[in-house]
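The values are calculated or read from the model by the stated rules, or taken from the named source; none is laboratory data. The structure presented is a predicted model; accordingly, all values stated were derived computationally and were not measured. As a convention, Cβ positions derive from the backbone with ideal geometry for all residues, glycine included, and neighbour counts pool all protein chains shown. With ligands, DNA and RNA removed, areas are computed over all heavy atoms of the protein, side chains included. Shrake-Rupley method; radii C 1.70, N 1.55, O 1.52, S 1.80 Å.
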Amino acid sequence: AKDLVEHKYVVDYITDVLRSSGASVETTRPQVVRLPHLMHLQTEISGEFKKNGFHCPVDRAFHLLASLHPTPAVCGMPRSITMQRIPDLEQFDRGLYAGPFGFFSRDATEFCVAIRSAVVTGRSVVAYAGGGIVAASETQSEWDEGELKMSTMRAILDPRRGPRKDVLDRRLRTSPRSVDALLT
């Protein structure tokens, strides 16, 4: 249930921002995306800005991106308060972590959140992975989730170190197999 609560915060926040910006918004039903080392809830959110036949102007699109990022999954709620607290609690600059990654084109705009990401500077790599914590979070489960996410990054950087199989096995035994299982 914790994952669904966290996911709902994000979907509600994004759809509220889009609607308050004048977009007509549609969402799909949440789906479980099974990746090799973890499962991820995904809801497709689409919006369309049309006023007098014109699409959303570029300057408004940048303002909208700034309003959407970082999402509640990586900064918390209420967003205005947590955004002020993050610099005090974290001893590093997030840089690109948790920021928008995507493209603008004449006909479409598509962005996602750079949650599992890395910044390479010369021979140095700083990798990022995170997760959302809500009232229903369990300490060991949150730790395991972070370990799995970071172990995938470690495996990319050093193929001799694969994902943490012990953590993966424990997560797969306790994770619901579908959104229906999350909802019950």
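Observations, loosely collected:
- For the residues 104, 92, a 1.4 Å probe over the protein chains yields an accessible-area ranking, largest first, of 92, 104.
- Put a dot 7 Å past the Cα of residue 44, heading toward its Cβ, do the same for residue 81, and the two dots end up 3.6 nm apart.
- Protein accessible area in the range 1-146, 1.4 Å probe - carbon and sulfur %: 56
- Take the Cα of residue 8, step 7 Å toward its Cβ, do the same at residue 157, and the gap between the two points is 3.7 nm.
- Chain lengthening between residue 89 and residue 124 when straightened (0.36 nm per residue, less Cα-Cα): 10.2 nm
- Among 97-103, 121-127, sorting by the average number of other beta carbon atoms lying within 10 angstrom of each residue, highest first, gives 97-103, 121-127.
- Here the extension length gained between residue 136 and residue 26 equals 36.8 nm, from 0.36 nm per residue of separation less the Cα-Cα distance.
- Mean separation of Cα contacts under 8 Å (6+ apart) over length of the range 1-122, as relative contact order %: 19
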